[in-house]
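See structure below.
Read-outs: derived from the displayed coordinates by stated rules, not from any lab. A quick note: this is a predicted structure, and the numbers were derived from the prediction, not measured. Here Cβ is always computed from backbone atoms with ideal geometry, including for glycine, and neighbour counts include all displayed protein chains.
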Amino acid sequence: MIQRIQTVYLLVVALLSGIVLFFPVADFYSLQNGIFELSYKGLIGESGVQITSVWTLTLLISVILLLSFVSIFFYKKRILQIRLIVFNIVLMFGYYALLAYWIFKIKSSLGETEISLSLIASFPLVNIILSYLAIRAIGKDEALVRSLDRLR
């Protein structure tokens, strides 16, 4: 059953989470302080020096990546797989809340700053949609298995 469509959805979720982990999420442009980049390393200045550590964002997206990859292998335990994916969706919403917290905290510490979110910041939203589609596909498989059990 590992060749099902939900496996593809969950692999794409893991891939997009890996991209979010290693690429910058936002840029901060300040006239006084210069240009800063927010990534898994933290807030990095123009000179490559780390200004602020955002290890909570890094940890959260790492857990999302790991959980989406591990949930692929629970194809025999579909209900547990659905629960893991729902927990992963909750973590993705938590990622957005934590990202907003860090953006406002950084903006207040830098002063007059312009923020530019990258396209990569939208990947957790795509992950939420793909996770929902995976849950629906797993639910269909579970319904099919239960209907076949009734026939026996």
What residues have an amide H closer than 5 Å to that of residue 118, excluding those fewer than 5 places away on the same chain, when H is modeled at 1.01 Å from N in the peptide plane? 26, 27
At R0 = 35 Å, how high is the FRET efficiency between residue 146 and residue 23 if r is their beta carbon distance? Nearest 0.05 is fine. 0.25
Express in whole angstrom the spacing between the alpha-carbon centres of the range 12-56 and the range 131-152. 41 Å
Over its alpha-carbon atoms, the range 1-136 yields an Rg and a Dmax in Å of 16.7, 57
Degrees separating the helix 78-110 axis from the principal Cα axis of the chain, which is the longest one: 10 degrees
The exposure ranking of 37, 46, 142, fewest beta-carbon neighbours within 10 Å first, is 46, 142, 37
Cut-off 10 angstrom, C-alpha nodes, Gaussian network model of the chain. Which of 33, 127, 88 fluctuates the most? 33
Output wanted: per-residue J couplings in Hz (rounded whole) for the range 128-138, from phi through Karplus 6.51 cos²θ - 1.76 cosθ + 1.60, θ = phi - 60°, x for Gly and Pro. 5, 5, 5, 5, 4, 5, 5, 4, 4, 5, 5
Once normalised by the length of the chain, the mean sequence separation of its alpha carbon contacts under 8 Å that are 6 or more apart gives a contact order in percent of 34 percent
Run the paramagnetic zone check for residue 31: 7 angstrom along Cα to Cβ, then residues of the range 83-120 with backbone nitrogen under 14 Å. 111-114
Select from 110, 16, 130 the residue whose mean-square fluctuation is largest in a Gaussian network model of the chain (Cα-Cα springs shorter than 10 Å). 110
Relative to the Cα centre, what is the charge dipole magnitude of the chain, using +1 at the beta carbon of each Lys and Arg, -1 at the beta carbon of each Asp and Glu, and rounding to the nearest 20 debye? 1120 debye
With 10 angstrom as the radius, rank 61, 44, 89, 35 by how many other C-beta atoms surround their C-beta, starting from the fewest. 35, 44, 89, 61
What FRET efficiency, computed as 1/(1 + (r/R0)^6) with R0 = 25 Å and r the Cβ-Cβ distance, is obtained for residue 70 and residue 118, rounded to the nearest 0.05? 0.35
Applying the Karplus parametrisation 6.51 cos²θ - 1.76 cosθ + 1.60 with θ = phi - 60° to the phi angles of the range 28-33, what ³J(HN,Hα) value in whole Hz is obtained for each residue in order, glycine and proline being reported as x? 10, 10, 10, 5, 7, 9
Most mobile of 84, 15, 31 in a GNM of the chain (Cα contacts under 10 Å): 31
